[in-house]
Amino acid sequence: MLIDYHVHTKLCKHAVGEPEEYIEKAIEKGFAEIGFSDHCPMPGDYDPESRMTEPEFPEYLNMIGKLQKKYPEIVIKLGIEVDYFPKYVDYVRKFVGENRFDYVIGAVHFLDSWGIDNEKFVGEYKHRDINEAYNLYFKTVTDAIETKLFDVVAHLDIIKKFGYKPENGYLEIATETLKAIKKNDLCLEVNTSGLRKIAKEVYPNDEILQKVCEMEIPIILGSDSHAPSEMGWYFDETVENLKRIGFKNICSFSGRKRTFVSL
Ligand SMILES: [Zn+2]
Ligand SMILES: [Zn+2]
């Protein structure tokens, strides 16, 4: 059974297409569920061009509610992609606490003022010690996990998006973060959008996924689609690979409680 839990909407200002088109694509592909997880509102100065505003948030809720009624043939979930940014943890805590999501995906997109997955800031990789940047990034993801605000950790090694990787790999650095995921009983997203980027790999890579499987960390699948054509991006191939690694299940979420469905 296939489920795509990482789907954006036009409200984030950098996705295209109507939500109906994403849903119809999911139905066409025979998916059991689709979950929208658009970027949450954040206080004024935090990346305003990539997210809905606070006054737009009720629109998001209404939209998903209407779609759930319109498409009884597929399960549609209400998710959200929430940013971890130390200065705004209290804002996010309040926002997540006030709303009833099916699941909350936590993501690190900024290290201070550096938007690590934003093309606008790609030049920064040339000025950084890549090993240090990876250390800082994974340490920040671990801090995000320790806030206990999220159900799922997004695109774990997205810092590889533009192809910059430490010479000796980063399994050891990532493993520390996996331990925090395990300790806090969170779920990890297997995000196929990396296959559309310079990285040309799923987030996270197979070496890390092997470790995730050994540690029995639960997973969800996400395409991070910003266009209807990206819905369920390379899921068949990814599921085959996950089975080869040893995964048997993915998670489904309702009201922030997870259950397992077999792959
Ligand atoms: Zn993201
Ligand atoms: Zn996303």
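The values are calculated or read from the model by the stated rules, or taken from the named source; none is laboratory data. Just so you know, these numbers come straight off a predicted model, no measurement behind them. As a convention, Cβ positions derive from the backbone with ideal geometry for all residues, glycine included, and neighbour counts pool all protein chains shown.
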Is there any pair with a first residue in region 221-249 that is under 13 Å from Val190 (Cβ atoms) and a second that is basic (Lys, Arg) and outside any helix (DSSP H, G or I) whose Cβ atoms are under 6 Å apart and which are 6 or more apart or on different chains, and what are they? Gly232/Lys29
Condition test on Gly246, is it within 16 Å of ligand 2 (Cβ to nearest atom) and at positive phi? no
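Being in a loop (DSSP other than H, G, I, E, B) and within 16 Å of ligand 2 (Cβ to nearest atom), is that true of even one residue in region 126-146?
Here is the first cut: in region 126-146, the ones in a loop (DSSP other than H, G, I, E, B) are 128-129.
If we keep only those that are within 16 Å of ligand 2 (Cβ to nearest atom) too, we end up with none.
Checking region 126-146: not a single residue is in a loop (DSSP other than H, G, I, E, B) and within 16 Å of ligand 2 (Cβ to nearest atom).
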Of the numbered conditions (1) within 16 Å of ligand 2 (Cβ to nearest atom); (2) not in a loop (DSSP other than H, G, I, E, B), Pro58 satisfies every one except a single condition; which is it? (1)
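Here's the yes/no breakdown for (1) exposed (fewer than 13 other Cβ atoms within 10 Å of the Cβ); (2) over 20 Å from the mean Cα position of the chain (by Cα); (3) outside any helix (DSSP H, G or I); (4) modelled with pLDDT of 95 or more:
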position: Asp38; (1), (2), (3), (4): no, no, yes, yes
position: Pro41; (1), (2), (3), (4): no, no, yes, yes
position: Gln68; (1), (2), (3), (4): no, yes, no, yes
position: Pro72; (1), (2), (3), (4): yes, yes, yes, yes
position: Tyr88; (1), (2), (3), (4): no, no, no, yes
position: Val92; (1), (2), (3), (4): no, no, no, yes
position: Ile105; (1), (2), (3), (4): no, no, yes, yes
Tell me which residues, restricted to region 120-147, are within 16 Å of ligand 1 (Cβ to nearest atom) and without any contact (Cβ under 8 Å) to a residue 40 or more places away in the chain. Lys120, Phe121, Tyr137, Phe138
Considering only strands (runs of 3 or more DSSP E) wholly within region 154-263, the ones with at least 3 residues that are in contact with a Phe, Trp or Tyr (Cβ under 7 Å, 6 or more places away or on another chain) are 219-222, 249-254
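Within region 200-214, work out how many residues are in contact (Cβ under 8 Å) with a residue 40 or more places away in the chain and either of a type in the set (A, V, I, L, M) or crowded, with 21+ Cβ neighbours inside 10 Å (or both). Explain how you work it out, then say what you get.
If we filter region 200-214 for residues that are in contact (Cβ under 8 Å) with a residue 40 or more places away in the chain, which is where we start, we get 201, 203-205, 208, 211.
Those left that are additionally either of a type in the set (A, V, I, L, M) or crowded, with 21+ Cβ neighbours inside 10 Å (or both): 203-204, 208.
Residues flagged as in contact (Cβ under 8 Å) with a residue 40 or more places away in the chain and either of a type in the set (A, V, I, L, M) or crowded, with 21+ Cβ neighbours inside 10 Å (or both) within region 200-214 amount to 3.
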